[in-house]
Structures are given as structure tokens and as C-alpha cells.
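What follows is a short report on a single structure.
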Amino acid sequence: MPTAAPLRIVQITDLHLKSTPGSRLWGVDVDASLSTVLARIQARHPQPDFLLVTGDLVGDEPEAYGRVREFLEPLGVPVYCLPGNHDFPARMAQTLRHGLVRWQRSLIAGGWQIVLLDSSVPGTPEGHLAYGELALLDTALVMHPELPALVCLHHNPVPTATPWLDTMTVSNGEALFAVLDRYPQVRAVVWGHIHAEFSARRGAVQLLATPATCMQFKPNTPEPQLDDLPPGYRWFELYPDGQLATGVERIEPTSRPLGLTRRVPA
Ligand SMILES: [Fe+2]
């Protein structure tokens, strides 16, 4: 078992905040749902080194970035964000340039390197990694072969057995893995977008998706369908020797904001 103190990270994803408090997304109060998830994090993981937010901070309303900050700054730890398909990268870069809650491209902490990629394509829900993103990843990894690495993005880079979501898989996932395959220090790739938990392996690399802080999608369905599972988050313990422990935790079913409908329009 590893003995050195790990880097402790909590990942949240797909907040879908609106500019108006109390807004609902397919029946779920996104503010109340996020508040409940954050309260759970504070109870279970009171002092993480930082949070990661893997996209869809807002739900198609650029004015809501101020509210993202209002929700997350009180945690009192850095919150590193990347954009998803419901975000506005230009606005996000402007609004979250400074402060505890910010869009950061990479960082080194606890003997690890964390790389945050932008897989969004403005104007479409699809995922793609532009040449500049792949170059950023390649440069970060070649600079620090001695540091185990965690790579973060919004869209799923592999199919997740949910046909309607898999139409939005990173369209050039093979280009991503062509980079990752050159760097044995990569330990895991983590994303959001699918509003569900997922885990798989590709060689030594863990492939991980994390539940949204709002509504959940049921896996293995041909069209969008809401899941009964409550919202949640993922914790990580990253050890200096490269070992990684992780798990998903969800809020209590009884504290889940109600109002879910079983089916949603595509
Ligand atoms: Fe989302």
C-alpha cells in the first residue's frame, strides 16, 4: 500500500447552471442539486487540494458564469475548469481568467501533472480535439515524463454503449490515444458529458466518467432517458509513486431534488 500523502482531488461535472436561480433542467432544479452535491463533498472530503470541473458549467447561458463562481468560491480551494458543449469558451476564458475558480490548461501538484483539454466545438454538441489541444497535451507530457499524468476533458473519447451519446464521442479519439500511447506516465483519462458513471481500461490507462451534479442519463438506451440514480461526484487520491485511487459517491436518494420525469426529448 502507498504510504506518502496523496493529492486529494474531487471532480464534479455538468452543472448546467442558468442565469436565473432555481432553473430546472428536465425537471431537476440544477441549483438545489449542485448545492446538495457540494454539501456532500464538504462533509465527506472537507479539504481536497482542489476541484476539477469537466465541462457544461453553464447550460447555454453565458451570463451564468458569475453564478458558477458564486457556488464554487465558498469552497475555499482552487477549482480548475474546462469547457463542455453547453459552455461558451470565449466567455469562460474571460470570466474565469483569475481567482479560485478558473479555466486552467495544465498544472503540476503533488508530484502529478494534470492536463485539461477543450473538446468542445462551438455551435455543435459534438466532441473534437483540435490540433492545438493535441499539441498542448503532447507538449505537457513530453516536458514531464517523470510525473504521472491525469488527462481531463468533457466528451467521452471512447463509446460508452449508449448509442445516442456515442454519436458525440470525441470524433478524433484515435488521435488522442496516439498521443497518450507515447507517454507511459499517463495513468487515467477522465471526462463528464454522459451524466453517468463509467469505467474501463485501455492498457495501463484508466478511462473514467463521472455522474453529473444534476440529472442522470440511463446507460444502454437508444435515446435520452433519465436514470433514477441521484447526482454525484468522483474523488481521486493521486500518490507520488503514480498509484491512483478513485471512486464515485452520490448524494442520498432522499436528498435528491424531486421532479424527475422518466423520459426526455432528444
Ligand atoms: Fe452535460
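Read-outs throughout are calculated quantities, based only on the coordinates presented, and are distinct from any laboratory measurement. Bear in mind the structure is a predicted one, so any value in this text is a computation, not a measurement. With ideal geometry, Cβ positions are generated from the backbone for all residues, glycine too; neighbour counts draw on all protein chains shown.
Per residue of segment 86-94, in order, report the coupling 6.51 cos²θ - 1.76 cosθ + 1.60 (Karplus, θ = phi - 60°) as ³J(HN,Hα) in whole Hz, putting x for Gly and Pro.
9, 9, 10, x, 5, 5, 5, 4, 6
Given labels modelled 7 Å from the Cα in the Cβ direction, how far is it in nm from ALA135 to THR20?
4.3
Just to check, using Stokes-Einstein with a Kirkwood Rh over alpha carbon pairs, what's the diffusion coefficient of segment 111-266 at 4 °C and 1.567 mPa s in µm²/s?
78
What is the distance, in nm, between label points placed 7 Å from the Cα along the Cα-to-Cβ direction at ARG105 and at ASP227?
According to this spin-label approximation, the distance is 3.3 nm.
Rounding to the nearest 10 and keeping the result within 0 to 90°, find how far the Cα-based axis of helix 131-143 lies from the longest principal axis of the chain.
50
Once a ≥ b ≥ c are taken as the square roots of the eigenvalues of the Cα gyration tensor of segment 89-158, is the result rounded (a/c under 1.5), prolate (a/b larger than b/c) or oblate (a/b not larger than b/c)?
oblate
How high is the relative contact order of the chain? Use alpha-carbon pairs under 8 Å, at least six apart in sequence, and give a whole percent.
Averaging sequence separation for qualifying contacts and normalising by length gives 22 percent for the chain.
When DSSP beta bridges are limited to those with both residues in segment 7-255, what percentage is antiparallel, rounded to the nearest 5?
Looking only at bridges with both residues in segment 7-255, the antiparallel portion is about 50 percent.
Using modelled amide H (1.01 Å from N, peptide plane; none on Pro or chain starts), what sits under 5 Å from the amide H of VAL58, excluding residues fewer than 5 places away?
HIS16, LEU17
Calculate for the chain the 222 nm mean residue ellipticity that helices alone would give, adding -39,500 (n - 2.57) per DSSP H run of length 4 or more and normalising by residue count, nearest 500 deg cm²/dmol.
After summing the helix terms and dividing by the residues of the chain, the value is -6000 deg cm²/dmol.
Karplus couplings for segment 169-175 from phi (6.51 cos²θ - 1.76 cosθ + 1.60, θ = phi - 60°), rounded to Hz, Gly and Pro as x?
Karplus-based 3J(HN,Hα) across segment 169-175 equals 4, 3, 5, 10, x, 5, 5 Hz.
So for segment 7-255, what are the equivalent ellipsoid semi-axes in whole Å, largest first, each being the square root of 5 times an eigenvalue of the Cα gyration tensor?
Working from the Cα gyration tensor, I get semi-axes of 25, 20, 18 Å.
Could you tell me the calculated FRET efficiency between GLU146 and THR124, based on Cβ-Cβ distance and R0 = 30 angstrom, to the nearest 0.05?
0.20
Nothing charged except the Cβ atoms of Lys and Arg (+1) and of Asp and Glu (-1): what's the magnitude of the dipole of segment 7-255 about its Cα centre? Round to the nearest 20 debye.
So the magnitude is around 420 debye.
Provide MET143, MET92, MET168 in ascending order of the number of other Cβ atoms located within 10 Å of each residue's Cβ, fewest first.
Listed from fewest to most nearby Cβ atoms, that is MET143, MET168, MET92.
Roughly how many debye, to the nearest 20, is the charge dipole of segment 22-135 about its Cα centre, given +1 on each Lys and Arg Cβ, -1 on each Asp and Glu Cβ, and no other charges?
Dipole size: approximately 340 debye.
Please arrange THR162, THR221, THR20 by counting, for each residue, the other beta carbons lying within 10 Å of its beta carbon, fewest first.
Taking fewest neighbouring Cβ atoms as first place, the list is THR20, THR221, THR162.
Sorted from fewest to most neighbouring beta carbons within 10 Å, what does the list HIS45, HIS193 look like?
If I rank by nearby Cβ atoms, fewest first, I get HIS45, HIS193.
Would you please put 197-204, 211-218 in order of how densely packed they are, using the mean number of other Cβ atoms within 10 angstrom per residue and starting with the highest?
211-218, 197-204
Provide the per-residue ³J(HN,Hα) series for segment 63-74, in order, calculated from phi with Karplus coefficients 6.51, -1.76, 1.60 and θ = phi - 60°, each as a whole number of Hz, with x at glycine and proline positions.
5, 7, 4, x, 6, 4, 4, 4, 6, 9, 4, x
Calculate the FRET efficiency for ALA5 and ASP60 from the Cβ-Cβ distance with a Förster distance of 41 Å, rounded to the nearest 0.05.
About 0.50, to the nearest 0.05.
In nm, what is the difference between 0.36 nm times the number of residues separating GLN42 and ARG202 and their Cα-Cα distance?
54.4 nm
Between the DSSP loop rule and a limit of at most 12 other Cβ atoms within 10 Å, which GluC sites (Glu not before Pro) in segment 69-174 are left?
GLU146
Give me the extension gain from GLN185 to ALA245: residue separation times 0.36 nm, minus the current Cα-Cα distance, reported in nm with one decimal.
Here the answer is 20.0 nm.
Where the centre of each part is set by its Cα atoms, how far does segment 100-166 sit from segment 185-229, in angstrom?
Cα centroid to Cα centroid, the span is 15 Å.
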